[in-house]
1. Against the conditions (1) closer than 21 Å to residue 199 by Cβ; (2) modelled with pLDDT of 90 or more, where does residue 14 fall short? Just the number, please.
2. For the range 184-196, what are the residues that are buried (at least 17 other Cβ atoms within 10 Å of the Cβ) and either modelled with pLDDT of 85 or more or in a helix (DSSP H, G or I) (or both)?
3. Mind checking whether some residue in the range 28-44 is within 20 Å of residue 120 (Cβ to Cβ) and modelled with pLDDT under 90?
4. Which of the following residues is part of a loop (DSSP other than H, G, I, E, B), out of contact with any helix residue (DSSP H, G or I) (no Cβ under 8 Å at 6 or more places or on another chain) and free of Cβ contacts under 8 Å to residues at least 24 places away in the same chain: 45, 11, 73?
5. Got a sec? Which of 205, 179 is out of contact with any strand residue (DSSP E or B) (no Cβ under 6 Å at 6 or more places or on another chain), within 23 Å of residue 73 (Cβ to Cβ) and outside any loop (DSSP other than H, G, I, E, B)?
């Protein structure tokens with residue numbers, strides 16, 4: 001993972017320095033920004049491989065910046081980890097709903113944060129298989145990192161993309177939330193099991209066509225007492 005670039009966005013200079021020193025020792029290149037205004041040109045000009053984003057910043061919060069990034073085609077696919085002192089469960093759900101790939105509460109250990117980053121970057125690298133996956137009117141392009149519903153592109157966040165790809169390559173089998181966390185988030189990432197439910201709900205909504213009655217979200221079935229299963233009558237085929 002050498003030469004990968006991390007952007008650290010936090011208004012507290014000691015925290016930025018602590019993270020930068022630890023990450024540079026691990027072989028990452030790091031940029032720093034003390035605010036959303038400083039971060040935006042670095043994001044658009046340098047295209048970091050991952051962003052560490054403090055939630056509580058003056059003027060424009062990290063959550064507001066995250067929402068802006070996830071609504072822009074040029075930045076939507078950049079993984080983002082939120083850093084925050086907020087420990088309430090609803091805040092975690094709010095951050096994940098906004099498109100964060102992970103959520104780390106302060107204070108944290110740089111080693112733990114580094115493990116989470118490596119897991120997210122490994123997952124991103126592991127998406128590069130060549131075959132399109134097709135289920136009826138749903139198509140996933142792993143190389144182009146795109147999803148199509150009735151051949152129309154739809155906006156799918158990076159975590160939902162990985163989750164959908166795992167389901168489409170492992171159909172007709174029930175997986176527990178813990179198994180999905182290991183397979184999609186990585187076994188070195190410390191994420192609550194409820195995180196799975198948040199992303200499943202978001203993915204189901206995304207897979208509903210706004211212009212027809214097609215609902216591919218129904219392929220993601222809840223298995224009572226177990227977790228979730230991906231199932232469709234006509235199954236899968238590779239293009």
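The values are calculated or read from the model by the stated rules, or taken from the named source; none is laboratory data. Just so we're clear, the structure is a prediction, and the values are computed from it rather than from any experiment. For neighbour counting, all protein chains shown are included, and Cβ atoms are generated from backbone atoms with ideal geometry for every residue, glycine included.
1. (1)
2. Answer for the range 184-196, where residues must be buried (at least 17 other Cβ atoms within 10 Å of the Cβ) and either modelled with pLDDT of 85 or more or in a helix (DSSP H, G or I) (or both): 184, 185, 195, 196.
3. Looking for residues that are within 20 Å of residue 120 (Cβ to Cβ) and modelled with pLDDT under 90, one finds at least one in the range 28-44, hence yes.
4. On inspection, the qualifying residue turns out to be 73.
5. Numbers: 179 fails: within 23 Å of residue 73 (Cβ to Cβ).
Going through 205, 179 in turn, just one is out of contact with any strand residue (DSSP E or B) (no Cβ under 6 Å at 6 or more places or on another chain), within 23 Å of residue 73 (Cβ to Cβ) and outside any loop (DSSP other than H, G, I, E, B): 205.
Okay, residues lined up against (1) surrounded by fewer than 21 Cβ atoms within 10 Å (Cβ to Cβ); (2) outside the structural domain of residue 160 (by TED's automatic domain parsing); (3) in contact with a strand residue (DSSP E or B) (Cβ under 7 Å, 6 or more places away or on another chain):
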position: 39; (1), (2), (3): no, yes, yes
position: 42; (1), (2), (3): yes, yes, yes
position: 49; (1), (2), (3): yes, yes, yes
position: 56; (1), (2), (3): yes, yes, yes
position: 61; (1), (2), (3): yes, yes, no
position: 68; (1), (2), (3): yes, yes, no
position: 75; (1), (2), (3): yes, yes, no
position: 95; (1), (2), (3): no, yes, yes
position: 102; (1), (2), (3): no, yes, yes
